[in-house]
Amino acid sequence: MLIFLVGFMGCGKTTLGRPLAGKLGCRFVDLDRCIEEGEGRTIGEIFAAQGEAHFRTLEHTYLQQVIAGNEDAVVATGGGTPCFYDNMALMNASGITVYLKFAPGRLAERLRTARTQRPLVAGKSPEELLAYIEATLAEREAYYGQANVVVADPSRDVRRLIDILNPYLVRS
C-alpha cells in the first residue's frame with residue numbers, strides 16, 4: 001500500500017514519513033530527493049535554471065515513476081505536488097493520502113528555523129513569509145483537502161499517526 005503525505009512545506013512530511021515507514025516495515029520515498037538524484041541537481045538549482053513550470057513537469061513524471069515502482073511505501077511529496085497536473089487524483093487513486101495540516105503561523109515558525117532553505121521562501125522577511133504562506137495555503141487548501149485523511153497539527157508522535165491511519169491500513 002502507498003501512503004502519500006501531503007501538506008505545505010515545513011509541515012513534517014519527511015520528519016514523520018521516515019519513522020512511519022520504519023514502523024510499518026515499508027520503504028520511505030522522498031519525492032524531492034528522487035528528483036534531485038534523477039536530475040543530478042538540487043531543487044533550488046532546477047528552479048533557478050529552468051523555473052517552477054519545468055520543475056512541476058519533472059515532479060509529475062517522478063511521481064508517476066514512484067507509483068509504478070513501489071507497492072508498499074510512505075511517500076513524502078513536495079508542498080506543491082498535489083496542486084499541479086492531476087497529481088492529487090493520481091495519488092488518491094494509487095493509495096492513501098494524508099494531509100498534515102498546520103496553521104500559517106506555525107508553518108512560518110517552522111520554516112524560519114528550518115535547516116534547509118526552500119527556493120519559494122528564500123530571502124523573505126518574517127512578515128513576507130507569513131503573508132506568502134497565508135496566500136499560498138489559501139490556494140492549495142482545495143487540493144490538500146481532497147486527502148483521505150486530515151491530521152490537524154500533527155505531532156512527531158508516529159504512534160498517533162499510525163492509530164489515525166489504522167482503519168486505512170487494513171488490507172482486503
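How many angstrom lie between the Cα centre of the stretch 92-163 and the Cα centre of the stretch 1-71?
The distance from the Cα centre of the stretch 92-163 to that of the stretch 1-71 comes to 15 Å.
According to the Kirkwood expression over distinct Cα-Cα pairs, how big is the hydrodynamic radius of the stretch 75-172, in Å?
Value: 14.9 Å, from the Cα pair sum.
Tell me the per residue accessible area of the chain using a 1.4 Å probe; a whole number in Å² is fine.
Heavy-atom SASA per residue in the chain reads 49 Å².
Carbon and sulfur together cover what percent of the accessible area of the chain at a 1.4 Å probe radius?
Reported share for carbon and sulfur atoms: 49 percent.
How large is the convex hull of the C-alpha atoms of the stretch 1-75 per residue, in Å³?
Output value, Cα hull per residue: 86 Å³.
Could you rank Tyr168, Tyr62 by how accessible they are, 1.4 Å probe, largest area first?
Descending accessible area places them as Tyr168, Tyr62.
How compact and how long is the chain, expressed as Rg and Dmax of its alpha-carbon atoms in Å?
Cα radius of gyration and Dmax of the chain are 15.4, 50 Å respectively.
Per-residue HN-Hα couplings for the stretch 35-43, Karplus 6.51 cos²θ - 1.76 cosθ + 1.60 at θ = phi - 60°, whole Hz, x for Gly and Pro?
With the stated coefficients, the stretch 35-43 comes to 5, 4, 5, x, 9, x, 7, 6, 4 Hz.
Per-residue accessible area for Lys23 at 1.4 Å probe radius, Å² rounded to 10?
140
The values are calculated or read from the model by the stated rules, or taken from the named source; none is laboratory data. A quick note: this is a predicted structure, and the numbers were derived from the prediction, not measured. The accessibility values were calculated without ligands, DNA or RNA, using every heavy atom of the protein model including side chains. Shrake-Rupley method; radii C 1.70, N 1.55, O 1.52, S 1.80 Å.
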